[in-house]
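The values are calculated or read from the model by the stated rules, or taken from the named source; none is laboratory data. These figures come from a predicted structure and were not determined experimentally. Please note: Cβ atoms are built from the backbone with ideal geometry, for glycine as well, and neighbour counts cover all protein chains shown. For accessibility, only protein heavy atoms count, side chains too; no ligands or nucleic acids. Shrake-Rupley method; radii C 1.70, N 1.55, O 1.52, S 1.80 Å.
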Amino acid sequence: GIKEEILGDLLAEVAPVAFSSSLRFLRGLGGFEAETPRALVSSSPESSVYKVLNEIPELESMFEAVVSAEDVYRGRPDPEGYLYAAQRLSRPPFRCVVVGNSNASVEAAHEVGMKCVVLAGSRPLYETGAADLVVRSLDEVSSTNLKKLLDFEQADAVSHSDIAEDMY
């Protein structure tokens with residue numbers, strides 16, 4: 001459908017992203033902690049990001065902060081976008097988890113002390129071996145394994161990066 005096509009355009013590198021699993025994942029974060037702030041960090045232009053978000057109002061309401069290409073000088077693997085998102089969420093980087101789709105996401109996250117979950121899609125898992133957690137689908141990510149990544153009760157912020165892109 002059109003929602004999947006739009007989200008797919010933004011998520012470019014991941015083949016194909018199921019819109020329904022993205023929404024289930026984001027809704028599930030609501031129960032992760034009393035409040036789980038979420039940021040979307042994308043290297044796509046702001047106009048492209050908001051085209052998708054405006055098309056899918058429920059998706060837009062799930063992010064407390066949106067960081068796009070215009071907000072940073074350097075894209076991944078530079079962590080500038082992730083640091084800016086953490087600042088906008090008022091969370092230290094070590095209390096954030098990036099959900100990305102590439103080794104560039106992992107490199108940027110790890111450089112600033114963030115954990116990183118990689119959505120591998122159909123790629124061989126060994127290509128994303130540096131990630132803290134590799135999944136085929138967002139349905140495999142739960143509040144339980146997010147808490148394990150952050151030493152259980154250590155984190156209450158999730159920076160969902162690149163579920164929009166190259167999002168979140």
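Figures for the structure shown
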| read-out | value |
| --- | --- |
| Neighbourhood charge, 12 Å Cβ-Cβ cut-off, centred on Y50 and excluding it, Lys, Arg +1 and Asp, Glu -1 | -3 |
| Exposure ranking of Y84, Y126 by accessible area [1.4 Å probe, largest first] | Y126, Y84 |
| Sites E46 and S143 - FRET efficiency at Förster radius 30 Å, r taken between beta-carbons, to 0.05 | 0.50 |
| Most to least accessible of T144, T36 (protein chains only, probe 1.4 Å) | T144, T36 |
| Heavy atoms of D71: accessible area, 1.4 Å probe, square angstrom to 10 | 60 Å² |
| Cα convex hull of the stretch 26-113, projected area averaged across orientations, nm² | 5.6 nm² |
| Charge sum, other residues only, whose C-beta stays under 12 Å from E60's C-beta, Lys/Arg counted +1 and Asp/Glu -1 | -1 |
